[in-house]
1. With all protein chains present and a 1.4 Å probe, how do C:Glu137, A:Glu248 order by accessible area, largest first?
2. Net charge within 14 Å of B:Val140 by Cβ-Cβ distance, Lys/Arg positive one each and Asp/Glu negative one each, not counting B:Val140 itself?
3. With solvent modelled as a 1.4 Å probe, how much accessible area in total do chains A and B shield from it at their shared surface, in Å² to the nearest 100?
4. Counting Lys and Arg as +1 and Asp and Glu as -1, each charge on the Cβ, what is the dipole of chain A about the Cα centre in debye, to the nearest 20?
5. Counting only the heavy atoms of the protein chains, how much of B:Phe249 is accessible to a 1.4 Å probe, in Å² to the nearest 10?
6. Picking from B:Leu284, B:Ser250, C:Phe35, whose Cα lies most toward the positive end of the charge dipole for the protein assembly as shown (charges on Cβ: Lys, Arg +1; Asp, Glu -1)?
7. Using a Gaussian network model of chain A whose springs link C-alpha atoms within less than 10 Å, name the residue from A:Arg251, A:Arg99, A:Arg55 with the highest mean-square fluctuation.
8. What size of dipole, in debye to the nearest 20, comes out for the protein assembly as shown about its Cα centre when the only charges are +1 on Lys and Arg C-beta atoms and -1 on Asp and Glu C-beta atoms?
Amino acid sequence: MTERTTAQAPSPGPQDEDPAAGSATLDTVTDSDPAPGGRSQGSSSRGRGERVFRRLTSGSGLLVVVAVAAIGLFLLVQAVPSLMANNANFFTSPEFNTRDAANLSFGIRDLLVVTLLSSLFALAIAMPVSLGIALFLTQYAPKRVARPFAYVIDLLAAVPSIIYGLWGIAVLAPALLPIATWLQNNLGWFFLFAPGNLPVLTGTIFTGGVVLAVMILPITTAVTREVFSQTPRFHMEAAQALGATRWEVIRMAVLPYGRSGYIAGSMLGLGRALGETIAVLIVIRAATSPSHFSLFDGGYTFASLIASAASEFSQPLPTGAYIAAGLVLFVLTFVVNAIARVVAGGKVNG
Amino acid sequence: MATDTGLERPDRPAAAPAFQPLSTGRKLKDNLATVLVCLAFLVAVVPLVWVVVTVVGRGIGAIVSADWWGRSLSGVLPESFAGGVYHAIYGTLIQALIAGVIAVPIGILAAVYLVEYGRGRLAKTTSFMVDILAGVPSIVAALFIFAAFISILGAQQSAFMVSLALVLLMLPVVIRNTEEMLRLVPDELREASYALGIPKWKTILRIVLPTALSGTVTGIMLALARVMGETAPVLVLVGYSQSINFDPFSGNMASLPLLMFSELSNPEPAGQFRIWGAALTLILIIMILQLGASVVSRFSAISK
Amino acid sequence: MAKRLDLKAVDIYYGDFHAVQDVNLSVAPRSVTSFIGPSGCGKSTVLRTLNRMHEEIPGARVDGEVLLDGEDIYDRGSDAVAVRRTIGMVFQRPNPFPTMSIRDNVVAGLKLQGVHDKKKLDEVCEASLRGANLWKEVSGRLDKPGGGLSGGQQQRLCIARAIAVAPDVLLMDEPCSALDPISTLAIEDLIADLKKEYTIVIVTHNMQQAARVSDQTAFFNLEATGKPGKLVEIDDTSTIFSNPTEQATEDYISGRFG
Ligand SMILES: Nc1ncnc2c1ncn2[C@@H]1O[C@H](COP(=O)(O)OP(=O)(O)OP(=O)(O)O)[C@@H](O)[C@H]1O
Ligand SMILES: [Mg+2]
């Protein structure tokens with residue numbers, strides 16, 4: 001990498017900059033060599049302007065790092081006293097009782113189950129669909145319409161989540177009812193479709209998962225589409241020249257090349273689903289008994305529980321309990337997003 | 001072009017065909033894939049159309065009155081169809097605006113850092129953290145502002161607190177968009193400026209950033225559109241008010257999402273009326289921003 | 001099963017752009033024909049119409065007839081995919097499938113056709129690699145990815161992949177331009193071998209190469225930029241290089257030759 005930076009264009013001109021610094025900036029964010037221009041001496045006013053500006057920019061960059069660190073830190077600081085005062089096991093208890101500040105007993109077992117169940121179900125729906133859309137937009141749709149079609153998919157991301165929530169419970173849930181009933185009647189022996197802890201089949205994790213799937217489609221599709229469209233022509237031609245059909249070209253050239261991007265996009269979608277708040281709060285009903293690991297359960301996810309209690313954040317200890325749940329959610333999304341980034345390996349900016 | 005079948009025509013010579021037709025199985029698979037892939041696209045369009053039709057159908061009745069845009073719900077009874085939402089529109093706009101005023105300069109500077117100056121570990125870490133921040137759920141951002149500013153620093157709930165949470169949500173969008181545009185600025189332009197003896201920072205301010213301007217503005221508008229619909233931060237960080245409050249630094253303030261959420265607990269038909277009206281209003285505002293963004297991006301100085 | 005190729009009044013377009021005009025030529029079975037000419041005159045374009053790869057480019061179009069043993073490959077009854085199975089192609093840049101092993105690369109075409117018999121695949125794999133002069137170098141690491149080979153080896157792997165499906169015609173677009181002289185020689189020897197069984201058409205910018213490997217040479221030229229490319233002259237290689245009919249051919253060859 002170093003060779004490439006230094007091999008770039010000739011000296012740009014007579015200023016107190018290292019010649020390489022200016023011309024090499026295009027794709028060298030990941031370069032590890034120290035900035036040659038960083039040592040610019042100048043006591044001249046020009047040098048000062050440069051120094052101030054450089055400080056401002058790197059300060060802003062640093063601010064982002066600090067912000068993420070601060071999120072983790074402040075949540076932790078606020079969560080610890082409540083965790084100390086907790087009478088239940090934080091990881092295994094299904095109840096979340098904070099009414100009595102002197103006698104807290106809260107655990108995240110059910111939150112975790114509902115969060116994971118709804119998000120993974122959403123992912124299971126969204127992954128094949130977004131794969132199909134990405135293939136459609138990059139391999140099937142004529143060039144002229146591919147762009148507007150992609151824009152249509154992006155518009156899905158522009159709809160606010162509260163509107164998805166309202167639509168989900170008022171319009172989608174009744175429409176899904178026959179499917180849910182059929183699944184329960186015919187596949188009820190399978191734990192995912194077993195009778196849940198709600199009296200009805202609307203406003204379940206099932207309904208919420210479908211809403212979440214719609215909500216994460218655009219992000220998953222966008223990343224996957226981006227990578228598929230970068231498939232090198234010569235890989236595809238290799239398959240075509242062997243007499244591969246369009247589908248076989250996709251299997252031999254497009255999918256192997258884009259697999260990591262597809263996985264990364266799906267992870268980003270999963271991250272969104274895990275943290276989605278208001279749509280889930282509106283769609284999935286509260287349940288009175290613990291989760292059975294069924295899609296027809298109700299309950300709270302981390303995010304929806306916190307939002308549901310937001311108006312009662314007054315006493316520090318109960319509030320800290322919710323902040324502890326928020327911390328777990330933060331860690332969860334952090335890990336998922338970090339994996340997405342590592343898997344993508346620089347092919348995508350998500 | 002290539003979709004003709006390999007079926008033999010009757011007027012062919014009796015000898016073996018020069019090109020063995022594809023086996024039926026392969027052709028079937030290929031056609032099946034085509035059907036499935038087109039279906040996937042349709043499957044995604046259905047909810048979009050469905051949502052839009054629902055919101056327009058249920059909300060249009062509310063927004064056609066002049067009162068809707070010019071009055072608040074101050075003193076309006078839950079069952080009354082009177083009043084309007086201008087207090088919530090104001091809240092939505094002012095909260096996003098304040099967030100933008102803070103997030104835009106920081107975001108642009110951070111993007112400049114990543115593209116023009118960033119080297120070594122800090123740059124790598126920053127770029128990584130931008131991705132992480134982009135994935136932070138809005139409820140977590142809201143909790144963080146609550147923990148840091150309200151619990152620890154003792155600030156009061158206010159619209160400004162909401163704006164602070166929105167800053168966290170806007171930043172990664174602004175940074176990534178600006179970054180992408182800066183990377184599209186051709187190097188020759190920078191070099192031409194250096195060759196005139198213009199220092200790097202002035203080159204960036206006077207030449208690179210203006211060239212990338214339209215893309216950056218597009219990104220900002222999209223970021224604003226995204227945060228305007230956020231509900232989680234307003235739930236945690238500000239109280240709802242039925243009447244107008246112009247002061248973002250104190251007191252309760254309505255916003256469209258918060259109004260919708262509050263009206264969810266209103267059992268009267270008027271509650272539904274307000275909810276869908278507010279939903280349509282919100283979608284209209286977001287659509288204007290989206291359209292604005294795509295118009296601005298037409299004026300790009302750099303052809304992609 | 002080498003076959004003969006005939007082009008009759010072929011015109012080739014990219015959208016509105018008329019890239020190549022009125023090409024008429026014939027290629028005998030079991031012979032090597034090389035296409036030479038300045039850059040941009042349409043050599044690759046003509047070559048890619050011979051196995052219907054051209055139509056993969058949006059808006060691209062071909063007029064006229066391309067006959068393989070008398071049968072038009074653009075006939076409405078024939079399928080581009082089936083045509084390509086019969087007419088193999090090797091590209092300028094070696095393009096093995098990066099995620100597949102060497103063996104899978106070689107037999108990729110056969111697997112597409114539904115051959116899954118392991119013994120048969122192994123046989124073809126070995127025969128093709130031998131045919132491509134690569135067997136000795138890779139026989140010990142058939143399960144390693146094809147991307148791990150040197151450029152010259154990768155190109156021979158691509159040739160092995162192309163001949164594994166036993167095509168009637170083999171098309172090569174500057175197959176040696178990314179290779180060092182030794183690999184180039186290896187490929188040229190290979191072409192001389194393959195000629196015994198295949199009809200070969202090769203595009204090259206290297207005059208010596210054209211002179212060394214081909215029986216027949218076609219010279220393409222542009223009258224002016226923006227005008228379509230044309231086939232100026234086609235004849236025995238010895239005639240083209242020693243005593244061409246057209247002045248343009250002579251200029252081109254003497255300007256570069258030697
Ligand atoms: N995909 C394409 N779209 C539009 N025009 C193209 C395309 N590919 C090639 N052309 C045009 O067709 C003409 C012939 O190109 P072609 O690649 O066949 O030339 P060539 O003789 O192979 O050149 P070279 O020796 O450089 O490989 C050129 O004018 C080129 O610009
Ligand atoms: Mg060429």
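1. Putting C:Glu137, A:Glu248 in descending order of accessible area: C:Glu137, A:Glu248.
2. -1
3. Rounded to the nearest hundred, the buried surface is 8400 Å².
4. 600 debye
5. About 130 Å², ignoring ligands and nucleic acids.
6. B:Ser250
7. Checking each option, the largest mean-square fluctuation is seen for A:Arg55.
8. 1260 debye
The values are calculated or read from the model by the stated rules, or taken from the named source; none is laboratory data. Predicted, not measured: the structure shown is a model, and the values here were computed from it. Ideal geometry is used to build each Cβ from the backbone, glycine not excepted, and the neighbour counts take in all protein chains shown. Please note that ligands, DNA and RNA were not included when accessible areas were found on the heavy atoms of the full protein model with its side chains. Shrake-Rupley method; radii C 1.70, N 1.55, O 1.52, S 1.80 Å.
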